[in-house]
Amino acid sequence: MPERRTVALVTLGCARNEVDSEELAGRLAADGWDLVEDASDADVAVVNTCGFVEAAKKDSVDALLEANDLKDQGRTQAVVAVGCMAERYGKELAEALPEADGVLGFDDYADISDRLQTILSGGVHASHTPRDRRKLLPISPAERQTADVALPGHAQDTPPADLPEGVAPASGPRAPLRRRLETSPVASVKLASGCDRRCSFCAIPSFRGSFISRRPSDVLGETRWLAEQGVKEVMLVSENNTSYGKDLGDIRLLETLLPELAAVDGLERIRVSYLQPAEMRPGLIDVLTSTEKVAPYFDLSFQHSAPGVLRAMRRFGDTDRFLELLETIRAKAPQAGARSNFIVGFPGETEDDLAELERFLTGARLDAIGVFGYSDEDGTEAATYENKLDPETVAERLAHISRLAEELTAQRAEERIGETIEVMVDRVDEEDGVVGRAAHQAPETDGQVLLGARPELVPGRMVVAKVVASEGVDLIAEPLGDGGCTEEAGR
């Protein structure tokens with residue numbers, strides 16, 4: 001019997017990439033590959049790259065070079081790049097980084113096993129030629145569901161009849177294969193792919209394509225399968241969750257899907273990420289703030305609040321409208337969580353624009369704030385703009401707003417002292433004790449809750465606790481009662 005092939009998946013970037021890696025893992029496991037955690041133990045190291053901003057692209061290149069070093073140290077024979085950076089740059093990346101033995105685009109995912117075997121056998125698979133993926137789907141959203149286009153997370157081939165243990169799908173022949181790569185009690189589920197918005201600073205639609213929803217039955221089926229695998233919290237991800245259903249004939253489809261997901265046996269929490277402020281609807285706010293097991297969590301993509309900067313970004317809104325939206329949310333759920341990302345130093349941004357952003361941040365009471373300094377992205381409209389700020393000014397504004405954000409989010413955490421919260425236990429370690437997250441905290445981005453040494457608590461347990469202190473954005477809390485869900489936490 002031939003020796004089984006081994007592969008390790010190294011994932012960079014966002015939760016959407018994590019889902020894509022687990023789809024690749026499912027395809028490879030179904031085709032007889034053994035999945036290993038450490039790239040040094042694998043025949044092939046597959047690096048799922050991020051192509052969002054310069055820092056992420058640098059991290060992706062560093063990861064590929066690090067994996068390449070393993071070829072001289074252990075059993076690793078090949079290093080292959082996949083993901084957004086590979087899709088975005090294709091042959092250009094292959095030429096600039098000859099250390100990578102292969103650069104595969106999204107069109108290669110359905111045949112990932114054959115591609116890796118070819119590379120492992122010493123063959124060459126031509127790096128793909130990048131193309132604007134927005135042009136692959138019909139302009140009309142209603143016509144996209146039947147298009148024959150490779151979309152990570154939207155499998156369009158028929159899976160094998162006999163799947164190995166631990167590999168999805170549990171629903172329908174068009175559901176993607178998936179194999180979990182970790183044992184965390186939280187997992188992401190892709191709600192849709194692509195984006196129809198044309199923000200002037202963003203290149204993502206060009207390599208992720210136009211917006212297309214997954215069918216509710218597929219989302220439900222995958223969520224049920226994850227619950228069977230022990231997942232307790234599901235986070236719905238896409239480039240824009242507020243557009244979900246528009247290509248299925250119902251822009252309010254998310255409002256009906258969320259209660260169905262919350263009813264899945266075994267799940268304790270549903271979280272929705274990536275919401276566009278301009279597309280928020282009263283009905284969606286109602287569902288997010290009143291549905292049992294759905295976290296009242298608002299990951300709102302504000303980006304800025306000065307009207308002139310937002311218009312240049314091809315976005316909508318202003319400080320007062322954004323503050324009004326947050327007031328509407330908190331009137332329905334006072335403990336609701338809210339976070340956002342912002343770009344400073346955008347071309348043409350004035351001192352008054354920066355002051356307007358400060359006014360918004362000061363009044364918004366956000367739980368988490370990400371701040372990025374503007375830099376040109378290949379192929380974007382903003383890269384052609386005049387009135388660009390010099391790098392020193394961008395860096396100064398980035399440092400200033402970042403300091404303000406740190407102060408404001410620490411103040412917001414302090415405001416939560418005395419609240420009763422529901423905490424999902426993520427991990428238990430010797431140094432920090434029991435570590436979890438409240439409803440306003442998404443994994444890895446929004447801080448955490450420290451519960452101390454509680455040997456009875458294990459990952460996946462939902463705990464009702466009272467906040468007694470804060471450290472930056474982190475909360476310190478004490479479990480109530482016996483540490484179980486015996487009391488109703490305030491929404």
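The values are calculated or read from the model by the stated rules, or taken from the named source; none is laboratory data. What you see is a predicted model; the values in this text were computed from it and never measured. Every residue, glycine as well, gets a Cβ built from its backbone with ideal geometry; the counts of neighbours run over all protein chains shown. Each accessible area value is taken on the protein alone, full model and side chains, heavy atoms only, with ligands, DNA and RNA left out. Shrake-Rupley method; radii C 1.70, N 1.55, O 1.52, S 1.80 Å.
Numerical summary
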read-out: Candidates Ala63, Ala29 - the one that is in a helix (DSSP H, G or I) and either out of contact with any strand residue (DSSP E or B) (no Cβ under 6 Å at 6 or more places or on another chain) or under 30 Å from Ser200 (Cβ atoms) (or both); value: Ala63
read-out: Complete set of residues in the stretch 227-236 that are within 17 Å of the chain's Cα centre (by Cα) and at pLDDT below 95; value: none
read-out: Unmet criterion (only one of (1) closer than 22 Å to Val186 by Cβ; (2) touching a Lys or Arg at 6+ places or on another chain (Cβ under 8 Å)) for Gly373; value: (1)
read-out: Whichever residue in the stretch 430-469 is crowded, with 20+ Cβ neighbours inside 10 Å and basic (Lys, Arg) and, among such residues, is farthest from the chain's Cα centre (by Cα); value: Arg461
read-out: Residue check for Arg179: touching a helix residue (DSSP H, G or I) at 6+ places or on another chain (Cβ under 9 Å), open to solvent by 30 Å² or more (accessible area, probe 1.4 Å) and of a type outside the set (A, V, I, L, M, F, W, C); value: yes
read-out: Residue among Leu354, Leu366, Leu326 that alone is over 25 Å from the mean Cα position of the chain (by Cα) and of a type in the set (A, V, I, L, M, F, W, C); value: Leu354
read-out: Pairs with Cβ under 7 Å, 6+ apart, first in the stretch 340-360 and farther than 13 Å from Leu404 by Cα, second open to solvent by less than 10 Å² (accessible area, probe 1.4 Å) and of a type in the set (Phe, Trp, Tyr); value: Ser340/Phe302
read-out: The stretch 1-32: number of residues that are among the acidic types (Asp, Glu) and open to solvent by 30 Å² or more (accessible area, probe 1.4 Å); value: 3
read-out: Val46 vs. criteria modelled with pLDDT of 90 or more, under 30 Å from Arg198 (Cβ atoms) and surrounded by 14 or more Cβ atoms within 10 Å (Cβ to Cβ); value: no
read-out: Test: residue in the stretch 55-75 that is open to solvent by 30 Å² or more (accessible area, probe 1.4 Å), under 27 Å from Glu165 (Cα atoms) and either in the same structural domain as Phe207 (by the TED database) or out of contact with any Phe, Trp or Tyr (no Cβ under 9 Å at 6 or more places or on another chain) (or both); value: yes
read-out: Selection within the stretch 86-125 - more than 29 Å from Asp247 (Cα to Cα), open to solvent by less than 70 Å² (accessible area, probe 1.4 Å) and without any contact (Cβ under 8 Å) to a residue 24 or more places away in the chain; value: Asp101, Thr118, Gly122, Gly123, His125
read-out: Verdict on Val36 being open to solvent by 20 Å² or more (accessible area, probe 1.4 Å) and of a type in the set (Val, Ile, Thr); value: yes
read-out: Residue in the stretch 12-29 that is β-branched (Val, Ile, Thr), free of Cβ contacts under 8 Å to residues at least 60 places away in the same chain and on the phi < 0 side of the Ramachandran plot present; value: no
read-out: The stretch 404-432 residues that are over 20 Å from Phe360 (Cα atoms), paired with ones that are acidic (Asp, Glu) (beta carbon under 8 Å, 6 or more apart); value: Thr420/Glu487; Met424/Glu233; Met424/Glu268
read-out: Residue within the stretch 402-414 that is within 19 Å of Ser200 (Cβ to Cβ) and crowded, with 21+ Cβ neighbours inside 10 Å present; value: no
